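Each remark here refers to the structure printed beneath this line.
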Amino acid sequence: MSDHNRVLLANFVEYFCDLYILLILVYILQSFVTLPYNRVLYAIRDFAIETVWPLLHAFRRILPMMGPLDLSPMLAIIAIIAVQTIARNIILG
């Protein structure tokens, strides 16, 4: 694989992880804010919920909620950043 292709693949992995982190943040923010009814806002909210729920659910099984505090989004973001860093180092060599 050429160096150009490696850089492209590493950038793709990095952007994908950043997008997933952004969706987790949208998920967190939507839990604090009540949105007015708008089809576009609800579509974005529902997409974020359906996309991040499987990962957050896996972390909730490992670390249950502590009262009203849910640490699964924070653990998921830390895990994504770790995977992103490891994948970038493996791809770029």
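Observations on the model:
- Residues of the stretch 59-93 that are farther than 30 Å from residue 3 by Cα and surrounded by 12 or more Cβ atoms within 10 Å (Cβ to Cβ): 59, 60, 63, 70, 71, 72, 73, 74, 75, 76.
- For the stretch 32-58, the candidate set comprises residues that are surrounded by 10 or more Cβ atoms within 10 Å (Cβ to Cβ) and among the polar types (S, T, N, Q); within that set, the residue that is farthest from residue 69 (Cα to Cα) is 38.
- Test for residue 6: is it in a helix (DSSP H, G or I), touching a residue at least 40 places away in the same chain (Cβ under 8 Å) and among the basic types (Lys, Arg): yes
- Test result for residue 85, among the hydroxyl-bearing types (Ser, Thr, Tyr), closer than 16 Å to residue 25 by Cα and in a helix (DSSP H, G or I): no
- Unmet requirement for residue 27, which otherwise passes all of (1) within 18 Å of residue 82 (Cβ to Cβ); (2) aromatic (Phe, Trp, Tyr); (3) under 11 Å from the mean Cα position of the chain (by Cα): (1)
- Selection status of residue 3, exposed (fewer than 13 other Cβ atoms within 10 Å of the Cβ) and over 17 Å from the mean Cα position of the chain (by Cα): yes
- Some residue of the stretch 8-20 being surrounded by 12 or more Cβ atoms within 10 Å (Cβ to Cβ), modelled with pLDDT of 90 or more and over 23 Å from residue 88 (Cα atoms): no
- Residues of the stretch 44-93 classified as within 16 Å of residue 16 (Cβ to Cβ) and either in contact with a strand residue (DSSP E or B) (Cβ under 7 Å, 6 or more places away or on another chain) or acidic (Asp, Glu) (or both), total: 0
The values are calculated or read from the model by the stated rules, or taken from the named source; none is laboratory data. Just so it is clear, the structure is predicted and the values come from calculations on it, not from any experiment. Neighbour counts are summed over all protein chains in view; Cβ atoms, including those assigned to glycine, are modelled from backbone coordinates with ideal geometry.
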